[in-house]
Amino acid sequence: MTTETMTDPVTDPKTDLKATPLKDLHLELEARMVPFAGYEMPVQYPEGIKTEHLHTREHAGLFDVSHMGQVVITGEGVAQALEALVPVELESLGINKQTYALFTNDQGGILDDLMIARWAEDCFFLVVNAACKEQDLDHLKRHLPGFEIEYLEGRGLLALQGPAAVNVMAQLAPEVRELVFMTGARATLAGIDCYITRSGYTGEDGFEISVPAESAELLARKLLSFDQVHAVGLGARDSLRLEAGLCLYGHDLDTETTPIQGSLLWSISKSRRADGEKAGGFPGADVIFKEQANGAARKRVGLKIEGKAPVREGAELVNTEGIQVGVVTSGGFGPSMDAPVAMGYVATEYAAVGTELNAMVRGKPRPVTVEKMPFVPQRYYRG
């Protein structure tokens, strides 16, 4: 899902930074802390980003994502009301099923991307991006009057990701083995009542765990007591999601970008598309449907970089004549691939896989090729 980079533009270093419930544990583990979406967060631990990244791919990594916003919306008819804000089928979403969603504006742009889980017939649980949570809360309150909207201030959020995650979790709550990708359940972990979903932001099998803030450190220590589990910071979280082809809000997605431009048509439920039985009914639907029918002017693509040096966000993409045709929105080194990877937007005529372009780095052209995403296989457990 969802979130920002280590140099998030919404963070003002002059303001007081918030702390997650795990701050003391991060310091004990000698994390390097950085400002991130208004919070003091661990960017890496002494092992370093590359080791943390590879350990997650091969075993399991524990991430503190408590800075993200957790919201519960309750009330009769809430599914239908919430559908007026997102291009997703919610009325038929099963209890304890989860879906990826987008808040769109009237121009078809993306206000935020988020996860929505159904806790009960008339109760939904949302996880929104840290940098957007205040605006998202305002958005929900403005458009859903008469519904109870509760921001879960007193909860932490942990993510356990990687192939060993299920075996670790099953030692604490054997029933988690029954979960498949994008489903959830209430479970007791180390004596703590939690809500867990089988999902994440790495491309690996894994779990996200909503836990009372006062118990978050206890649960994190319990999970870290397993040899397969290492603490992982935001640096590796970014390289893992980039390899998995997952968007970062505020960089790969923003209010000027539509789902069609963002290559996110899959996130619009079939019933909500132009030819669906519940077509439209969400902000910007007409704009989005027009783009779907006629094509968008630009598209989000993966980029394979020649050489070993990464190409960073903001680098211009030019064609063989040296004319700018796009821009890099996320870039870094992919430890699993032992190569730099990036994604960005290009004019649609340059979006075909195999198209050769140049990225301008310090005034010099670096050859790049449009590549299919994800860059590594996604290993979600679907049963």
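General remarks:
- Looking only at residues of the range 264-286 that are among the acidic types (Asp, Glu) and assigned to a loop (DSSP other than H, G, I, E, B), we find that the one that is nearest to residue 91 (Cα to Cα) is 277.
- With respect to being surrounded by fewer than 18 Cβ atoms within 10 Å (Cβ to Cβ) and either hydroxyl-bearing (Ser, Thr, Tyr) or closer than 27 Å to residue 263 by Cα (or both), residue 133 falls outside the description.
- Pairs meeting the criteria (first residue in the range 364-383 and more than 10 Å from residue 244 (Cα to Cα) and β-branched (Val, Ile, Thr), second residue loosely packed, with under 15 Cβ neighbours inside 10 Å and at pLDDT 95 or above, beta carbons under 6 Å, at least 6 apart or on different chains) are 369/356; 370/353.
- Checking 339, 347, 352 one by one, the residue that is surrounded by fewer than 17 Cβ atoms within 10 Å (Cβ to Cβ) and within 30 Å of residue 160 (Cα to Cα) is 339 and no other.
- Conditions (1) of a type outside the set (A, V, I, L, M, F, W, C); (2) touching a Lys or Arg at 6+ places or on another chain (Cβ under 9 Å); (3) surrounded by 17 or more Cβ atoms within 10 Å (Cβ to Cβ): number failed by residue 94: (3)
- So residue 163, is it out of contact with any strand residue (DSSP E or B) (no Cβ under 8 Å at 6 or more places or on another chain), surrounded by fewer than 23 Cβ atoms within 10 Å (Cβ to Cβ), not polar (S, T, N, Q) and not in a helix (DSSP H, G or I): no
- Only one of the numbered conditions (1) buried (at least 17 other Cβ atoms within 10 Å of the Cβ); (2) basic (Lys, Arg); (3) in a loop (DSSP other than H, G, I, E, B) is violated by residue 299, and that is (3).
- Subset of the range 44-80 [buried (at least 20 other Cβ atoms within 10 Å of the Cβ), over 16 Å from residue 131 (Cβ atoms) and of a type in the set (Val, Ile, Thr)]: 49, 56, 73, 78
- Pairs are defined by a Cβ separation below 6 Å, a sequence spacing of at least 6 or placement on different chains, a first member in the range 202-219 that is buried (at least 19 other Cβ atoms within 10 Å of the Cβ), and a second member that is assigned to a strand (DSSP E or B) and of a type in the set (Lys, Arg); the pairs so defined are 210/155.
- Listed by first and then second residue, the pairs linking a residue in the range 95-122 that is at pLDDT below 95 to a residue that is surrounded by 24 or more Cβ atoms within 10 Å (Cβ to Cβ), with Cβ atoms under 7 Å apart and 6 or more places separating them unless they lie on different chains, form an empty list.
- Filtered residue count, the range 180-215, keeping only those that are closer than 28 Å to residue 235 by Cβ, among the small types (Gly, Ala, Ser) and over 21 Å from the mean Cα position of the chain (by Cα): 3
- Filter result for residue 320 (polar (S, T, N, Q) and more than 18 Å from residue 353 (Cα to Cα)): no
- The single residue among 215, 269, 210 that is under 22 Å from residue 131 (Cβ atoms) and polar (S, T, N, Q) turns out to be 210.
- Screening residue 149 with (1) in contact with a Pro (Cβ under 9 Å, 6 or more places away or on another chain); (2) part of a strand (DSSP E or B) gives one miss only, at (1).
- If you check 283, 310 for being of a type outside the set (A, V, I, L, M) and either farther than 30 Å from residue 335 by Cα or without any contact (Cβ under 8 Å) to a residue 24 or more places away in the chain (or both), only one passes: 283.
- Checked against (1) over 13 Å from residue 71 (Cβ atoms); (2) touching an Asp or Glu at 6+ places or on another chain (Cβ under 8 Å); (3) not in a helix (DSSP H, G or I), residue 131 passes all but condition (3).
The values are calculated or read from the model by the stated rules, or taken from the named source; none is laboratory data. In this text, all values refer to a predicted model and were calculated from it rather than measured experimentally. Backbone-built Cβ (ideal geometry, glycine too); neighbour counts: all protein chains shown.
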